[in-house]
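Please treat every number below as a calculation from the coordinates, not as lab data. What you see is a predicted model; the values in this text were computed from it and never measured. Note: ideal-geometry Cβ built from the backbone for every residue, glycine included; neighbour counts use all protein chains shown.
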Amino acid sequence: MVPKDLHYSKEHEWVRIEGGVAIVGITDFAAEQLGDIVFVELPDIGRTVAQGEPVGVIESVKAVSDLFCPVAGDIVEVNGELAGRPELLNTDPFGSGWLLRVTTSDKGDIDRLLDAAAYEALTATA
Amino acid sequence: MAPDTDTPLTTPLEDRHRALGARMVEFGGWMMPLQYGGILEEHRAVRARAGVFDLSHMGELYVEGADAASGLAYAVTTDPVSLKVGRAHYSMICFPDGGILDDLIIYRLAEERFLIVANAGNSGAVSDALAQRLTGRDAVLDDRSLETAMVAIQGPLAAGVLAPLTDVALDQLRYYGIAEGHVAGAQALVARTGYTGEDGFEVIVDGSSAVTIWDALLDAGRSSGVVPAGLGARDTLRLEAGMPLYGNELGPRTTPYQAGLGRVVKLERTGDFVGRAALEKAHADGPRELLVGLILRGRGIARHGYEVFAEDRRVGVVTSGTMSPTLGDAIAMAYVPPSLAEPGTIVSVQIRDQRVPAEVVPLPFYRRQA
């Protein structure tokens, strides 16, 4: 079950719109597939990114995985707590394991993402 | 024996792994459990308590006959003639040019009977090489890799969990010893060997007894927190213990000297063995590169294949790397020139677009308290 009020990318990121800012994380499906996450590399604050641009790296014990920013905009905050506690991505991926805050101007970006039902259908066949 | 088809082999414990919810991966021609609950949890369980591993993918080759010892002495770099019955040693089988064909554990089961345990992906090549190198001698090679299962229990609680299940006197079985007996009623070889840096045992049985042994060990250990552990934890455990993995630290273009394992090449013994001339030259010339331990001093994890730099010169390559669950640091093994192999030397590892500083440290990263 994934939260109904979020938007999802095919690369397993989620987006929550909160007061004009997009909060970005990865789904529990992604975290589960990666396994125990032990390292997170996040972008510099102030960077302007395009939709789908690689902005960071998430590493589990076994695997290295790119993080793609699911919306275009300016990075205004990253979750600094993950540097010391990367396991939050496994234990609370939709909450305290959030990754980025991005100011987003283009409503079209959100329209190009999946809703919860479509994302669940995607992971059911994965 | 290596599989002839592209379809991976399955071990007798396949159904057990699936029932435990294991994530399965292909490794060395076999479908094997990568992890059950999670690599970190399994790793920590082995360090603190014990883990049970399915190692049925490993190759088991028996050599028997009046010339078994002398024939093996020609085939490998160590001296199996000097091995006592009931003892084992770590060994290598090399190509004529001194490159490593595989690393092995050789157990002497009787005066004229040996067990050789080879890596899954190499067991076919080892079997072929042994058959060729034993030709004309009174020594019969019996490759029982497909029929034989191996279940290991590794960790500080291993002896306590295994003891009530076996008639083998574990208190008299020293490190690198092996004894025949029974485990959970099944005929078994019990060896005090492993690949985790912990005390532990490897139980070698006919495949038909694998489920009995597996269930017995997990049942006996459950109340004290013993868990099944997969290949993921096996890899992080061996890396912390500074143990090489064929395909990463060892390969056909590596000599035992480069890997820091010159002690397994017994040049002082008389008699020829395959690779001897090349290894004598390699020993005299000295290695062009050496295997070292690295601890990263910046943010990042060094992985297999990442390049190592010193003052903007590419000087080597990372062979294995991970975030060490025990140390909490990113650790790696890498080949570097001898001039950079001294502990305390600072090099850097290219991680994506960054060069992250790393310190050369002595191996192993982790040593259990005696």
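Of the residues A:SER9, A:SER96, B:SER123, the one with the fewest other Cβ atoms within 10 Å heads the list, and the complete ranking is A:SER96, A:SER9, B:SER123.
Taking Cβ atoms as reference points and 12 Å as the exclusive limit, the residues near A:VAL21 contribute a net charge of -1, counting Lys and Arg as +1 and Asp and Glu as -1. Based on the reciprocal of the average 1/r between different C-alpha atoms, the Kirkwood radius for the range B:288-361 equals 11.6 Å. Normalised by 2.2 N^0.38 Å, where N is the number of residues, the alpha-carbon radius of gyration of the protein assembly as shown equals 1.08.
Anyone know which of B:ARG299, B:ARG192, B:ARG47 comes out most mobile in the 10 Å Cα GNM of chain B? The residue that fluctuates most here is B:ARG299. Tell me which lysines have Cα within less than 28 Å of B:LYS281's Cα, excluding those fewer than 8 residues away on the same chain? Straight-line reach from B:LYS281, under 28 Å: B:LYS266. Charges were assigned to the Cβ only: +1 to each Lys and Arg, -1 to each Asp and Glu. The resulting dipole of the range B:288-361 about its Cα centre is roughly 180 debye.
The lysines within cross-link reach of A:LYS10, meaning a Cα-to-Cα straight distance under 26 Å and a gap of 8 or more places when in the same chain, are A:LYS62, A:LYS107. Fewest-first ordering of B:PHE201, B:PHE95 by other beta carbons within 10 Å of each residue's beta carbon gives B:PHE95, B:PHE201. A straight line joining the Cα centroids of the range B:5-49 and the range B:224-260 runs 16 Å. Taken over chain B, the ratio of Cα radius of gyration to 2.2 N^0.38 Å equals 0.98.
Could you tell me the relative contact order of chain B? Use alpha-carbon pairs under 8 Å, at least six residues apart, and round to a whole percent.
Once normalised by length, the contact order is 17 percent.
Here the spin labels are modelled as points 7 Å beyond Cα on the Cα-Cβ line, and at B:THR10 and B:ARG352 they lie 3.9 nm apart. On the basis of the beta-carbon distance and an R0 of 35 Å, B:THR345 and B:GLN132 show a calculated FRET efficiency of 0.25.
Provide Rg over Rh for the range B:60-143; use the alpha carbon set for both Rg and the Kirkwood Rh (inverse mean inverse pair distance). Answer for the range B:60-143: 0.91. Each of B:PHE273, B:HIS182, B:LEU239 was scored by the projection of its Cα onto the charge dipole of the range B:172-287, and the greatest displacement toward the positive side belongs to B:PHE273; charges sit on the C-beta of Lys, Arg, Asp and Glu. Across the range B:60-143, Cα pairs under 8 Å and at least six residues apart give a relative contact order of 40 percent.
The sum of -39500 (n - 2.57) across all DSSP H runs of n ≥ 4, divided by the residue count of chain A, sets its helix-only mean residue ellipticity at 222 nm to -4500 deg cm²/dmol. Please report, to two decimal places, log10 I(q)/I(0) for chain A at q = 0.18, 0.19 Å⁻¹ as given by the Debye formula with identical point scatterers on the Cα atoms and no solvent. Here log10 of I(q) over I(0) equals -0.91, -1.02.
Anisotropy class assigned to the range B:175-267 is prolate, per the alpha carbon gyration tensor with a/c at or over the 1.5 cut-off and a/b larger than b/c. Taking 1.567 mPa s as the viscosity and 4 °C as the temperature, the Stokes-Einstein diffusion coefficient of the range B:33-75 based on its alpha-carbon Kirkwood radius rounds to 94 µm²/s. Ordering A:VAL78, B:VAL265 by the number of other Cβ atoms within 10 Å of each residue's own Cβ, fewest first, gives A:VAL78, B:VAL265.
Reported to the nearest whole Å, the Cα centre-to-centre distance from the range B:191-223 to the range B:334-370 is 34. Over chain B, DSSP H runs of length four or greater, each weighted -39,500 (n - 2.57), average out per residue to a 222 nm ellipticity of -5500 deg cm²/dmol. Among the GluC sites (Glu not before Pro) within the range B:191-273, those in coil by DSSP and having at most 12 neighbouring Cβ atoms inside 10 Å are B:GLU268.
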